[in-house]
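Here's the structure, in structure tokens; my notes come after.
The values are calculated or read from the model by the stated rules, or taken from the named source; none is laboratory data. No experiment lies behind these values; they were computed from the predicted model shown. Virtual Cβ from ideal backbone geometry, glycine too; neighbours counted across all protein chains shown.
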Amino acid sequence: MPENLPIKSESEIREWISANVPQDDFRDQKLLLIIPDATRTAPLPLLFRSLHDHLADVTSDFDLIVALGTHPAMSEEAICQLVGISIEERKSRYAEVGLFNHEWDNPDALWELGTLSEEETAEITSGVLTLEVPVEVNARIKDYDRLMIVGPVFPHEVVGFSGGNKYFFPGISGAKLLNFFHWLGALITNVGIIGVKGTPVRKVVDRSAAMIKKEKRCLAFVVNGKAEIYDLFFGTPEEAWEQAADLSARVHIERKPKAFQTVLSCSPEMYDELWTAGKCMYKLEPVVADGGELIIYAPHLDEISIAHGEWIHKIGYHCRDYFTQQWEQFKHVPWGVLAHSTHVRGGGTFENGVEKCRVKVTLASKVPREVCESINLGYRDPATIDPADYANREDEGILLVPKAGEMLYRLEGE
């Protein structure tokens, strides 16, 4: 079982920030906060207000950008809600705060920092991928003296643990590097990388971040499912992430003695498309038995992906080998989309033209049966599912996860 650690109170968090985030380091500096969007559990209103109270009067600029990666842009109203700013406060207390979205698909909004050479990618990935990759980041950072990441750390399917420099790449990066290292993670596989600290993908991210010649700091933190903070860490992105990932490994990994034939993985409403709700599979795949079924229960969800749906509807969801064994047919597809596809579908084989996936993945949502079947997923009418029917049945090989997507489940000894 994960450790049951004490929770920091609001006053303790404010005091911690005052004591650990030096005002003099930011005096007369143009500061840009880099924060997650609404698909991450985080007490952003508390942290934003605390940092603003602590730093806004000493900085010359105090702005923020949402590290969307390739997620849909947020309206200003939604960003205000994300950080706890009312309409009245936006017009008064926070009128000078710039609120920006990342624009991953706008070439004019990107700044090419350099490239990772073929030699570098071969060395970092141990030969798994050998390519020259441009490193692009949101050009807005040019206007600032200091960049501060403010984000949680969880086990992550692509990079091992989220947070730290991941808020630059893919948070505010261009698609070329994003596609490269997401496919690298898919080749290693979700089960092989999730909840592991020293991954090749993390090395790619950190190597790329080193190209950003700005003063970089990170306020990393670890939370429970209610967005309550266990602890915070401040320093360089590498330092803060290292400590937060160690704590995340203690509190975000649930170990089970045996695999389950049926897993009901309930998606929280913050995942409003399968592009993010796929985390309900990623975090549970290691404890689904061979031939078992994982059900993504998301009665609120009606979208596969706003940004990438066209590609997903063309290629569907398949195991890694389905793509690698037919590479000429699929190599033109954005590699980030291929990675998402394999992560949702899980492990499997493709031999003699036959795909055999290790588990059945079923979507219980507003997405119609014909759409699910066309993209190689099972279908269940969510109205036929009562999560209470799955509760307290682990001895029968049935697991209920009421809020899936952030806690990682693994088997004991793995």
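The test for being in contact with a Pro (Cβ under 7 Å, 6 or more places away or on another chain), acidic (Asp, Glu) and under 30 Å from residue 366 (Cα atoms) holds for residue 254.
A Cβ distance below 6 Å, combined with a sequence gap of six or more or placement on separate chains, defines the contacts here; from segment 346-359, residues that are in contact (Cβ under 8 Å) with a residue 60 or more places away in the chain reach residues that are surrounded by 15 or more Cβ atoms within 10 Å (Cβ to Cβ) and outside any loop (DSSP other than H, G, I, E, B) in the pairs 346/285; 358/348; 359/288; 359/292; 359/294. When you check residue 367 against the structure, is it in a loop (DSSP other than H, G, I, E, B), within 30 Å of residue 226 (Cβ to Cβ), over 20 Å from the mean Cα position of the chain (by Cα) and among the aliphatic types (A, V, I, L, M), yes or no? Yes; evaluated as a whole, the condition is true for this residue.
Looking for something surrounded by 17 or more Cβ atoms within 10 Å (Cβ to Cβ), part of a loop (DSSP other than H, G, I, E, B), in contact with an Asp or Glu (Cβ under 6 Å, 6 or more places away or on another chain) and in the same structural domain as residue 289 (by TED's automatic domain parsing) - is there at least one such residue anywhere in segment 332-344? Looking through segment 332-344, none of the residues is surrounded by 17 or more Cβ atoms within 10 Å (Cβ to Cβ), part of a loop (DSSP other than H, G, I, E, B), in contact with an Asp or Glu (Cβ under 6 Å, 6 or more places away or on another chain) and in the same structural domain as residue 289 (by TED's automatic domain parsing). Of all residues in segment 194-224, those being part of a loop (DSSP other than H, G, I, E, B) and crowded, with 20+ Cβ neighbours inside 10 Å number 3. Residues in segment 153-178 that are among the aliphatic types (A, V, I, L, M) and part of a loop (DSSP other than H, G, I, E, B): 153, 158, 159, 172.
Results for (1) in contact with a strand residue (DSSP E or B) (Cβ under 8 Å, 6 or more places away or on another chain); (2) surrounded by fewer than 22 Cβ atoms within 10 Å (Cβ to Cβ); (3) touching a residue at least 40 places away in the same chain (Cβ under 8 Å); (4) of a type in the set (Gly, Ala, Ser), shown as yes or no for each residue.
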position	(1), (2), (3), (4)
254	yes, yes, yes, no
262	yes, yes, yes, no
265	yes, no, yes, yes
268	no, yes, yes, no
279	no, no, yes, no
282	no, no, yes, no
293	yes, yes, yes, no
298	yes, no, yes, yes
301	yes, no, yes, no
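Within segment 237-271, the set of residues being over 30 Å from residue 292 (Cα atoms) and either in contact with a Cys (Cβ under 6 Å, 6 or more places away or on another chain) or aliphatic (A, V, I, L, M) (or both) comprises 237, 240, 244, 245, 247.
When residue 56 is tested against (1) under 23 Å from residue 227 (Cα atoms); (2) among the small types (Gly, Ala, Ser); (3) touching a Phe, Trp or Tyr at 6+ places or on another chain (Cβ under 6 Å), only condition (1) is not met. For residue 337, state whether it is under 14 Å from residue 186 (Cα atoms), β-branched (Val, Ile, Thr) and touching a residue at least 24 places away in the same chain (Cβ under 8 Å). Yes: the conditions hold for residue 337. Candidates are the residues of segment 124-152 that are assigned to a helix (DSSP H, G or I) and touching a helix residue (DSSP H, G or I) at 6+ places or on another chain (Cβ under 9 Å); the one that is surrounded by the fewest Cβ atoms within 10 Å (Cβ to Cβ) is 139.
Applying the selection to segment 10-50, what residues are assigned to a loop (DSSP other than H, G, I, E, B), under 21 Å from residue 141 (Cβ atoms) and under 21 Å from the mean Cα position of the chain (by Cα)? Passing the criteria: 36, 37, 40. Just for segment 76-105: of the residues that are acidic (Asp, Glu) and over 22 Å from residue 136 (Cβ atoms), which one is surrounded by the most Cβ atoms within 10 Å (Cβ to Cβ)? Looking at residues that are acidic (Asp, Glu) and over 22 Å from residue 136 (Cβ atoms), I get 89.
Taking segment 9-48 as the range and being in contact with a Phe, Trp or Tyr (Cβ under 7 Å, 6 or more places away or on another chain) and among the basic types (Lys, Arg) as the test, only 30 passes. Residue 191: over 27 Å from residue 43 (Cβ atoms) and buried (at least 23 other Cβ atoms within 10 Å of the Cβ), yes or no? Here the answer is no, as residue 191 does not meet what is asked.
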